[in-house]
1. Can you confirm whether residue 43 is closer than 27 Å to residue 105 by Cβ, surrounded by fewer than 18 Cβ atoms within 10 Å (Cβ to Cβ) and at pLDDT 95 or above?
2. Would you confirm, using the coordinates I've provided, whether residue 73 is in a loop (DSSP other than H, G, I, E, B), aliphatic (A, V, I, L, M) and within 21 Å of residue 33 (Cβ to Cβ)?
3. For residues that are touching a residue at least 60 places away in the same chain (Cβ under 8 Å) and surrounded by 18 or more Cβ atoms within 10 Å (Cβ to Cβ), tally how many sit in segment 65-115.
Amino acid sequence: MPDRQQTIRSLPSRKPCLTAVLRMAGLRPTRQRVALAELLFGGPHRHVSAEQLHGEANQASVNVSLATIYNTLHQFHEAGLLREVAVDAARSYFDTDTSDHHHFYVEDEQRMIDIPASAVEFKTLPPVPHGMVMSHVDVVIRVRKQQG
């Protein structure tokens, strides 16, 4: 199975398309944003942490600091290009699939698995506080490998 970096390099560049996507999202298509967008959106939907993306950027010879990675991921999230999934106070993943769905978090592998929205049902939800509207419901089910 080829590694992700070989696959990304063998595909035709999506820079013109990604540049347009960034502009339509209200973001200036800087060299670093376009390079990170190519890493994020150059394949199938996936979940990535800032540290993972930083490692991929280093492997792809994209010179960018971890702080810039964090800032860019948050900018992409605010622009609606990514969905942020917090698994605990110290760890978030960014999901390239912004559609309505939920997640399993595999604790011993530190990875996310998608759950279709239709697979989770709620009998009731609490009333939303006065003056607020519900934007969405995120369910993260924490799992780990069974022992023995």
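The values are calculated or read from the model by the stated rules, or taken from the named source; none is laboratory data. Worth saying up front: this structure is predicted, and the values here are computed from it rather than measured. Note: ideal-geometry Cβ built from the backbone for every residue, glycine included; neighbour counts use all protein chains shown.
1. In short, no.
2. Working: in a loop (DSSP other than H, G, I, E, B): no; aliphatic (A, V, I, L, M): yes; within 21 Å of residue 33 (Cβ to Cβ): yes.
So residue 73 does not fit the description; no.
3. Counting residues in segment 65-115 that are touching a residue at least 60 places away in the same chain (Cβ under 8 Å) and surrounded by 18 or more Cβ atoms within 10 Å (Cβ to Cβ) gives 2.
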